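*Asks:* Just dropping this structure here.
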Amino acid sequence: MRLIELKLPLVHTETELKASILKRLGIAAEELVDYSIFRRSHDARKPSAIVFIYTLDIEVRNEKALLARLKNDRQVGPTPDTAYHFVTRASPSAPTRTPHRPVVIGTGPCGLFAGLILAQMGFRPLILERGKSVRERTKDTWGLWRQGQLNPESNVQFGEGGAGTFSDGKLYSQIKDPLHRGRKVMTEFVKAGAPAEILYVSKPHIGTFRLVTVVENMRAEIEALGGEIRFQSRVEDIDIVLGDTPRGQVRGLRLADGEYLAATHVVLAVGHSARDTFAMLHGRGVHLEAKPFSIGVRIEHPQSLIDRARFGKNAGNPLLGAADYKLVHHCANGRSAYSFCMCPGGTVVAATSEPGRVVTNGMSQYSRNERNANSALVVGVTPADFPGDGGDPLAGIAFQRHWEGLAFEAGGGNYDAPAQRVGDFLAGRPSTELGPVLPSYTPGVHPTDLALCLPDYVVAALRESLPAFGREIAGFAMEDALLTGVETRTSSPLRITRDEGFQSINTRGLFPAGEGAGYAGGILSAAVDGIKVAEAVALSLMA
């Protein structure tokens with residue numbers, strides 16, 4: 001049976017938890033067989049009286065009778081089935097309708113889970129990744145961070161694990177998930193080496209260093225099940241044949257080295273930065289459409305400031321860890337400014353994938369014990385803001401490139417990032433030096449005026465929102481808080497539109513998936529989308 005919303009003080013023992021269960025259910029100790037934590041969160045709205053909130057799965061001696069007695073209690077009920085159930089399985093007695101194995105393009109969270117589920121169902125997928133394996137890729141990424149040397153094919157955006165590998169490893173989402181695919185994601189992560197607590201804490205995260213091992217172990221399982229993963233295998237072109245209807249059919253793929261692969265079921269799980277792939281698809285007539293996203297900057301504060309603002313006298317309590325925040329402000333110019341991808345105890349990282357551009361992102365390790373908290377502060381933009389007449393689905397990419405190029409120039413033209421103290425930004429004057437909040441971005445930062453590399457309406461929205469956020473979190477708009485620009489890749493600038501069967505609306509056999517296709521945002525939602533698309537591919541293969 002399941003018990004929800006059981007509240008205990010911040011500091012409590014396992015004995016006190018058990019006693020609360022007995023009291024809440026009105027049972028004797030000998031009637032309780034066992035219990036497990038399904039979810040644990042905390043309520044810090046009153047920093048002086050923080051409480052933990054539990055959802056528990058409980059085994060009792062006579063569950064049927066107890067459920068009958070508590071039938072009117074809305075916080076007690078049967079434990080739901082959260083196990084993952086495969087939609088089909090391949091077998092020799094039920095061959096697929098095509099001799100070609102399914103192909104997955106990309107090994108980010110979406111591609112990895114699409115490949116894993118297909119492998120677990122027996123379909124032996126071929127997975128193509130333009131970048132390198134995760135450990136080789138890590139070396140190339142450090143090459144940019146430490147030496148200012150960019151590898152356009154192996155970086156924060158491209159390579160095994162996708163962009164999520166160099167992030168906080170956050171595993172929470174607001175997507176609707178009635179079939180518990182998210183639980184499947186968490187279970188597979190734990191099986192691959194993630195900490196078991198991600199199954200029950202309210203805001204789970206893994207951290208970059210642990211994600212490397214998790215990704216490698218998932219790869220090993222896919223290969224053990226008959227799947228194949230090829231690195232440094234960029235898809236150069238897609239072969240689409242037109243039939244009697246306006247809708248084309250995928251027939252194969254051509255790789256950058258000239259190899260041709262016959263394929264009729266292709267999962268397109270490229271990330272939001274696969275700009276050359278988007279251009280190729282557009283040229284081949286695959287239906288794309290521009291979509292809104294957001295741009296802005298990264299802001300850094302001392303993590304201790306955020307902890308005190310959120311937890312008061314309980315700041316620093318190891319049970320709570322590093323505090324986070326989520327902020328939004330609706331501005332006078334009609335825009336909305338909000339915090340995004342908040343990284344407690346983390347660092348700001350260089351995230352460009354193209355020469356001559358500067359892009360920022362945030363990252364944390366599992367420990368979240370770096371001195372600064374950082375978050376994106378971004379403002380929404382729409383296709384109406386992009387260059388041209390609104391008919392070009394690639395216009396959002398041109399928009400991103402424009403501001404990333406200006407950030408490269410403002411940072412000094414060497415992959416240093418432009419930075420500015422909040423006090424200077426609000427006053428409209430360039431920064432000439434930094435204060436006590438030391439930048440975590442590497443290779444380095446260049447004090448300047450961030451208005452040089454952001455649209456005027458974004459600058460106006462951020463200047464209005466910072467004082468408003470300061471009223472919610474004391475010290476948020478402090479003079480020496482540090483802004484680093486620019487953050488442009490919050491989500492894909494386009495959508496590869498798909499139908500109810502998860503196939504492109506004008507190209508059969510092409511299954512757009514995940515962040516790059518415009519159907520996810522973050523590790524968990526991308527992984528869940530990968531599972532959905534794998535299910536659709538499997539059903540199509542068995543039809």
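*Asks:* Could you work out the relative contact order of the chain, using alpha carbon pairs under 8 angstrom and six or more residues apart, expressed as a whole percent?
*Replies:* Values: 1287 pairs, mean separation 99.1, N = 543.
Relative contact order for the chain comes out at 18 percent.
*Asks:* Describe numerically, in nm with one decimal, the distance between label points set 7 Å from Cα along Cα→Cβ at Gln249 and at Ser41.
*Replies:* Going from the Gln249 label point to the Ser41 one covers 4.8 nm.
*Asks:* Once phi is turned into ³J(HN,Hα) by the Karplus curve 6.51 cos²θ - 1.76 cosθ + 1.60 with θ = phi - 60°, what whole-Hz value does each residue of the stretch 328-334 show in order, with x for glycine and proline?
*Replies:* Residue by residue, the stretch 328-334 yields 8, 9, 8, 8, 5, 7, x Hz.
*Asks:* What are the ³J(HN,Hα) couplings of the stretch 445-452, residue after residue, when phi is run through the Karplus curve with 6.51, -1.76, 1.60 and θ = phi - 60°? Round to Hz, x for glycine and proline.
*Replies:* Residue by residue, the stretch 445-452 yields 10, 10, x, 6, 10, 5, 5, 6 Hz.
*Asks:* Take the Cβ-Cβ distance between Lys71 and Lys176 as r, set R0 to 25 Å, and report the resulting FRET efficiency rounded to the nearest 0.05. Don't skip to the end; give the middle numbers.
*Replies:* Numbers: r = 27 Å, r/R0 = 1.08.
Working from the Cβ atoms, E equals 0.40.
*Asks:* Right, something else. At Glu472 and Lys313, where each label point lies 7 Å from the Cα along Cα→Cβ, what is the point-to-point distance in nanometres?
*Replies:* About 2.7 nm separates the two model spin labels.
*Asks:* Once you have the Cα-Cα distance between Glu289 and Arg429, take 0.36 nm times their residue separation minus that, and quote the gain in nm to one decimal.
*Replies:* Working: separation 140, 0.36 × 140 = 50.40 nm, distance 3.83 nm.
Answer, rounded to one decimal: 46.6 nm.
*Asks:* Now for a different question. In this model, which of Lys203/Lys532; Lys18/Lys326; Lys176/Lys203; Lys132/Lys170; Lys7/Lys203; Lys46/Lys71 are farther than 27 Å apart at the alpha-carbon? Display every interim value, and only then the final one.
*Replies:* Details: Lys203/Lys532 23 Å; Lys18/Lys326 33 Å; Lys176/Lys203 16 Å; Lys132/Lys170 23 Å; Lys7/Lys203 17 Å; Lys46/Lys71 32 Å.
As for pairs spanning more than 27 Å Cα to Cα, those are Lys18/Lys326; Lys46/Lys71.
*Asks:* Hey, another quick one. Highest mean first, how do 326-334, 10-18, 264-272 rank when packing is the count of other Cβ atoms within 10 Å averaged over residues? If you can, show how the numbers build up before the last one.
*Replies:* Values: 326-334: 13.6, 10-18: 11.8, 264-272: 28.6.
Highest to lowest by the protection proxy: 264-272, 326-334, 10-18.
*Asks:* Something else now. Per-residue HN-Hα couplings for the stretch 463-479, Karplus 6.51 cos²θ - 1.76 cosθ + 1.60 at θ = phi - 60°, whole Hz, x for Gly and Pro?
*Replies:* Each residue of the stretch 463-479 in turn: 5, 6, 6, 4, x, 5, 5, x, 7, 8, 10, 4, x, 4, 9, 4, 3 Hz.
*Asks:* Under the rule of at least 5 residues apart or a separate chain, name every residue whose amide H is placed under 5 Å from the amide H of Ile127.
*Replies:* Val104, Glu228, Ile229, Arg230
*Asks:* Given the convex hull of the Cα atoms of the stretch 290-487, what is a quarter of its surface area in nm²? Could the numbers behind the result be given before it?
*Replies:* Numbers: hull surface 43.9 nm².
For the stretch 290-487, averaging the hull's shadow over all directions gives 11.0 nm².
*Asks:* Still on this structure: Can you give the extra length, in nm with one decimal, that the chain gains between Gln147 and Thr88 once fully stretched, where that is 0.36 nm per residue apart less the Cα-Cα distance? Walk me through the numbers before you get to the answer.
*Replies:* Working: separation 59, 0.36 × 59 = 21.24 nm, distance 4.90 nm.
This chain segment gains 16.3 nm when fully extended.
*Asks:* So who's got an amide H within less than 5 Å of the one on Leu494, skipping anything under 5 residues away but keeping other chains? H placed 1.01 Å off N, in plane.
*Replies:* For Leu494, the qualifying residues are Lys291.
*Asks:* Per 0.36 nm of contour for each residue apart, how much would the distance between Leu22 and Asp276 grow if the chain were fully extended, relative to their Cα-Cα spacing?
*Replies:* Working: separation 254, 0.36 × 254 = 91.44 nm, distance 6.00 nm.
Stretched fully, the Leu22-Asp276 segment lengthens by 85.4 nm.
*Asks:* Now, a different point. Set the Förster distance to 22 Å, then compute FRET efficiency between Arg61 and Arg2 from the Cβ-Cβ distance, nearest 0.05.
*Replies:* Working: r = 17 Å, r/R0 = 0.76.
Calculated transfer efficiency: 0.85.
*Asks:* When the helices in the chain are scored as -39500 (n - 2.57) per DSSP H run of 4 or longer and the sum is shared across all residues, what 222 nm value do you end up with, to the nearest 500 deg cm²/dmol? Each step should come with its number before you reach the end.
*Replies:* Details: 12 runs with 150 residues, N = 543.
Using -39500 (n - 2.57) per qualifying helix, the result is -8500 deg cm²/dmol.
*Asks:* Would you kindly compute the Cα radius of gyration of the stretch 350-463 and its largest Cα-Cα separation (Dmax), both in Å?
*Replies:* 15.2, 47
*Asks:* State, as an integer percentage, the relative contact order of the stretch 2-77 based on alpha-carbon contacts under 8 Å between residues 6 or more apart.
*Replies:* Values: 100 pairs, mean separation 31.6, N = 76.
RCO, the stretch 2-77: 42 percent.
*Asks:* Under Stokes-Einstein, with the Kirkwood radius over Cα pairs standing in for Rh, what whole-number D in µm²/s applies to the chain at 10 °C and 1.306 mPa s? Can you show the working numbers first?
*Replies:* Values: Rh = 24.8 Å.
Answer from the Stokes-Einstein relation: 64 µm²/s.
*Asks:* Additional query: Distance between Cα centroids, the stretch 1-46 to the stretch 69-112: provide it in whole Å.
*Replies:* Computed from Cα coordinates, the inter-centre distance equals 31 Å.
*Asks:* Compute the FRET efficiency between Ile53 and Asp499 as 1/(1 + (r/R0)^6), taking r as their Cβ-Cβ distance and R0 = 35 Å, and round to the nearest 0.05. Provide the component values of the computation, followed by the final result.
*Replies:* Numbers: r = 40 Å, r/R0 = 1.15.
Rounded to the nearest 0.05, the efficiency is 0.30.
*Asks:* For the stretch 167-299, what ratio Rg/Rh do Cα atoms give with a Kirkwood hydrodynamic radius? Could the numbers behind the result be given before it?
*Replies:* On the way: Rg = 18.9 Å, Rh = 18.4 Å.
Ratio of gyration radius to Kirkwood radius: 1.03.
*Asks:* Let me ask something else about it. How large, in Å, is the stretch 2-77 by the Kirkwood hydrodynamic radius built from its alpha-carbon pairs? Walk me through the numbers on the way to the answer.
*Replies:* On the way: mean 1/r = 0.0765 Å⁻¹.
13.1 Å is the Kirkwood radius here.
*Asks:* Could you tell me the convex hull volume per residue, in Å³, taken over the Cα atoms of the stretch 408-543?
*Replies:* Numbers: hull volume 22.5 nm³, N = 136.
That works out to 166 Å³ per residue.
*Asks:* In terms of modelled amide H atoms, which long-range or inter-chain residues lie less than 5 Å from the amide H of Leu225?
*Replies:* When sequence neighbours closer than 5 places are left aside, there are no close amide H contacts.
Values in this text are rule-based calculations from the coordinates and carry no lab data. The model shown is predicted, which means the values in this text are computed figures rather than measured ones. Because the Cβ atoms are built from the backbone with ideal geometry, glycine has one as well, and the counts that use them run over all protein chains shown.
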